[in-house]
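Heads up: the structure comes next, in structure tokens.
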Amino acid sequence: MALLELRGVAKVYQQGRIAVPALRGIDLEVEAGEFVAIFGPSGSGKTTLLNLIGCLDKPTAGTLVFDGVELIGLDQKGLAKVRRENIGFIFQSYNLIPVLTAYENVEFAIRLLNRHDKRELRERVMEMLAAVGLEGLENRKPNELSGGQKQRVAIARALVKEPKLVLADEPTANLDSKTSEEVLEVMVKMNKELGTTFIFSTHDPRVMEYAARLVEIRDGLISSDRRRDGAVVSH
Ligand SMILES: Nc1ncnc2c1ncn2[C@@H]1O[C@H](COP(=O)(O)OP(=O)(O)O)[C@@H](O)[C@H]1O
Ligand SMILES: [Mg+2]
């Protein structure tokens, strides 16, 4: 069974009296452990698609099944639970809490789940910060870190709760090309080491290179879907 299965997913935004169709029937299956890039021009529907997969919004039509659970049937509380426990987010603008240190930003994401005692919690957070290459920078606040370092904190924060899926919406859009590649390398490493499924959006061809599968979206529809080896994924 696929980790994620979308069938006929559509999203129409209502802007006053104008209906804006953002997604027009997306069929997509993603297996556990995949590392997928969603690419397409600005306005093609990437953010909308990631928001639906991430339970941040509901589709106008179609079905989404995540880890065997039909998301359409869940209320806000149910969606929030799926999101909190099983999905990590990485954003273009990092979205770190400015008054918290790197350590505290990561700890915050897992503390509420009550899975660990105090000592375990500390070990886990330190381990995760080291894994993304931030050893020694635990006590810095976001404004004392570079863009690339901030995004590493965000990756650690997304992964510390061991989610099944990490969604990253244009995670390198604010970074220079060298730093972008470093951030992608960290994501690839975590995908390999932890087996976490990653779906990220981008329109940077250099960043796409890192994906094992490339899903192209145009005008709210998938226009191509292929694996790194060139194999076309059928829909
Ligand atoms: N909250 C919203 N209200 C109305 N229209 C929206 C909203 N969010 C996105 N859209 C529209 O939906 C389409 C897809 O947007 P989006 O998913 O943000 O694309 P991308 O992330 O690929 O740039 C665009 O036409 C955009 O203007
Ligand atoms: Mg977007």
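Is segment 25-37 home to any residue that is closer than 28 Å to N191 by Cβ, among the small types (G, A, S) and within 16 Å of ligand 2 (Cβ to nearest atom)?
Yes, segment 25-37 has at least one match.
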State whether the residues of segment 102-125 include one that is within 16 Å of ligand 1 (Cβ to nearest atom), crowded, with 21+ Cβ neighbours inside 10 Å and either touching a residue at least 12 places away in the same chain (Cβ under 8 Å) or among the aromatic types (F, W, Y) (or both). no
Might you let me know whether segment 87-96 holds any residue that is out of contact with any helix residue (DSSP H, G or I) (no Cβ under 9 Å at 6 or more places or on another chain) and without any contact (Cβ under 8 Å) to a residue 60 or more places away in the chain? no
So for segment 33-53 (the condition being free of Cβ contacts under 8 Å to residues at least 60 places away in the same chain, hydrophobic (A, V, I, L, M, F, W, C) and surrounded by fewer than 17 Cβ atoms within 10 Å (Cβ to Cβ)), does at least one residue qualify? no
Please state which one of T179, T197, T172 is of a type in the set (S, T, Y), touching a residue at least 24 places away in the same chain (Cβ under 8 Å) and within 16 Å of ligand 1 (Cβ to nearest atom). T172
If you take the residues in segment 55-79 that are within 13 Å of ligand 1 (Cβ to nearest atom) and at pLDDT 95 or above, which one is nearest to A173 (Cα to Cα)? P59
Could you grab me the full set of residues in segment 204-235 that are closer than 21 Å to L23 by Cβ and either out of contact with any Lys or Arg (no Cβ under 8 Å at 6 or more places or on another chain) or of a type in the set (S, T, N, Q) (or both)? M208, V215, E216, R218, I222, S223, S224, S234, H235
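Being more than 9 Å from ligand 1 (Cβ to nearest atom) and touching a Lys or Arg at 6+ places or on another chain (Cβ under 8 Å) is the filter here, so list the residues in segment 40-54 that pass it.
Of everything in segment 40-54, those that are more than 9 Å from ligand 1 (Cβ to nearest atom) and touching a Lys or Arg at 6+ places or on another chain (Cβ under 8 Å) turn out to be L52, G54.
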I need the full set of residues from segment 1-21 which are within 12 Å of ligand 1 (Cβ to nearest atom), of a type in the set (V, I, T) and surrounded by 10 or more Cβ atoms within 10 Å (Cβ to Cβ), in order please. V12, V20
Members of segment 180-208 found to be of a type outside the set (S, T, Y), over 15 Å from L159 (Cβ atoms) and touching a Leu at 6+ places or on another chain (Cβ under 8 Å), listed by number: V207, M208
Heads up, the strands (runs of 3 or more DSSP E) in segment 1-88 (entirely inside) with at least 1 residues that are out of contact with any Ser or Thr (no Cβ under 6 Å at 6 or more places or on another chain) and over 29 Å from A156 (Cβ atoms) are 4-15, 18-30, 61-66
Selection within segment 89-130 - assigned to a loop (DSSP other than H, G, I, E, B) and among the β-branched types (V, I, T): I97, V99, T101
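The values are calculated or read from the model by the stated rules, or taken from the named source; none is laboratory data. All values reported here derive from a predicted model rather than from experimental measurement. Quick reminder, even Gly has a Cβ in these numbers, built from the backbone with ideal geometry, and neighbours come from all protein chains shown.
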